[in-house]
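Readers should treat all values here as calculations from the given coordinates under stated rules, not as data from a laboratory. Keep in mind that what you see is a predicted model, and the values were worked out from it rather than measured. Every residue, glycine as well, gets a Cβ built from its backbone with ideal geometry; the counts of neighbours run over all protein chains shown.
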Amino acid sequence: MKNFFEFSLRKTTYKQEFIGGLTTFLSMAYILVVNPLVLSESGMDKGAVFTATAITAVIGSLLIGILANYPIGIAPSIGLNSFFTYSVVLGMGIRWEVALTGVFISGILFVLLSVLKIREKIINVIPQDLKYAIAGGIGFFVAFIGLKNAKIIVGSEATFVSLGELTSGSTGLALFGFIITSVLLVRGVRGGIFYGMVISSIVGMIFGIIEKPTQIIGSIPSLEPTFGVVFTELPNVFTPELIIVIFTFLFVGFFDTAGTLIAVASQAGILKNNKIPNAGPALLADSSSSVIGSILGTSTTASFIESTAGIAAGARTGFASIVISGLFFLSLFFSPLLAVVTSEITAPALIIVGAMMVAEVRHINWTKLDIAIPAFTTIIMMPLTFSVATGIALGFIMYPVTMIALGRYKQVHPIMYVLFVTFIAYFIYL
């Protein structure tokens, strides 16, 4: 097992991988609660979506751990499930059965692009400075999510965002978690992020901020309402409206996963010669998960950026993903315990992980404006648009522009020009 996952090469241990996997699971376990809530508003059965979400996460995390040896958790995307419900079903008036079939088709296209190594090729031709910008931008984005979830930062009509009510119980608990986790990490405690979550959960239950679970074991809801629906709706999916929807699922999922892989490889120290080792198998695992998830009854999957929390806690190999997979399997039976892992508990981990990831921007050549402007665009637009994919797209539009302005257009890879045109066309359509 140690040889298969290259423990010695990546300088890790079973304990380190277990704590890292457990930390990632706790950071992304909210999807088991949020995904059924969001998709149920489209008319889908909430219980079936819960089971589909858990099983998809089990299979997806297992695949990427074994095939690519990456410490990443895969589950339905929190952004794409919102797009599915609010934009496609409620906004465009498309039945959820047809929309889910659109997810299935986009997943098949994902698999084809992965098998043909087109996705891997695109990721590898991204300039090194932009890869660092993507990792740093995701760091700011993740930290912003954490601050929002903790209600440290809230919406404001006057200033768009503002400081929240710091004296409220839930926000106070998040601040406590942030401080205690910071102290543990500064003191060099390995797994400090995980221990910070545990301590915060205990304190939250003591002071009544978090409700204590009323039971330990829960029943597993049936998949029958959603399982296999995609096969019966295939004739209804090929309309101009649905083709655009399929392309959007494809676009956002593609670059969300690309961004996560780049960030994870960079943070874990396994990015080599501007290339991501085992990118092909990782992308195949991710795309296969979307196909499986749509058949079971959930929206497009993604490699979760919360996986960086597990890496910060020590995860370095696919064994951590095996741990994540196992914990999602157990969650099918112990779902009542998940009520303890609230956004106030996971928020401090996301803020701290964001701080760690932002360190990647130090590698960017900020003295060259032709690099600095696209890099800064990528970084700033991720949190401001609340989308990793949008930040990447806008940065990729600016990169050829600055290079052409300097007469260095021959140094830009042809694929980058293709992406340049594609992104502009996409934004014009939107």
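Tabulated results
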item	result
Projected-area average for segment 236-354 over all orientations - Cα convex hull basis, square nanometres	9.6 nm²
The chain: most fluctuating residue of 175, 116, 283 per GNM, C-alpha cutoff 10 Å	116
Loop-resident sites, segment 100-145, for trypsin sites (Lys or Arg not before Pro), counting at most 16 other Cβ within 10 Å (DSSP)	117
Within the chain, helix-based [θ] at 222 nm, where runs of 4 or more DSSP H residues each add -39,500 (n - 2.57), nearest 500	-21000 deg cm²/dmol
Distance between segment 1-67 and segment 107-154 - C-alpha centres, whole angstrom	18 Å
Interchain or long-range residues, amide H under 5 Å from residue 302's placed H	75, 77
Extended-chain gain in nm, criterion 0.36 nm per residue less alpha-carbon gap, residue 116 and residue 212	29.6 nm
Residue 46-residue 373 FRET efficiency (beta carbon distance; Förster radius 51 Å; 0.05 resolution)	0.65
Dipole of segment 91-164, positive end: most advanced residue of 109, 164, 146 [Cβ charges, Cα centre]	109
Cα-Cα over 28 Å, subset of 2/148; 11/151; 121/148; 15/272; 272/410	2/148; 11/151; 121/148
Unit charges on C-beta of K, R, D, E only; dipole of the chain, Debye	1400 debye
Built amide H within the under 5 Å cut-off of residue 153, gap 5+	148, 164
Separation of alpha-carbon centers, segment 183-236 and segment 343-382, rounded to whole Å	27 Å
In nm, spacing of pseudo-spin labels at residue 421 and residue 82 (7 Å Cα→C-beta vector)	3.3 nm
Neighbourhood net charge (12 Å Cβ-Cβ; Lys/Arg +1, Asp/Glu -1) for residue 120	+3
Gained length - residue 37 relative to residue 384, 0.36 nm times residue gap less alpha-carbon distance	122.4 nm
Expected-Rg normalisation [2.2 N^0.38 Å, Cα atoms] applied to the chain	0.95
With at most 12 other Cβ atoms within 10 Å, longest stretch of the chain clear of loop GluC sites (Glu not before Pro) (DSSP)	212-430
Span-rule helices in the chain, defined as complete DSSP H runs reaching 15 Å or more along the axis (Cα) with Kyte mean at least 1.0	46-68, 96-115, 169-186, 192-206, 240-268, 279-296, 318-331, 343-358, 369-385, 388-405, 414-429
Cα-based convex hull volume of segment 1-95 per residue, rounded to whole Å³	101 Å³
Residue among 318, 391, 407 with the largest mean-square fluctuation in a Gaussian network model of the chain, springs linking Cα atoms under 10 Å	407
Top of 60, 136, 172 by mean-square fluctuation, Gaussian network on the chain, Cα under 10 Å	172
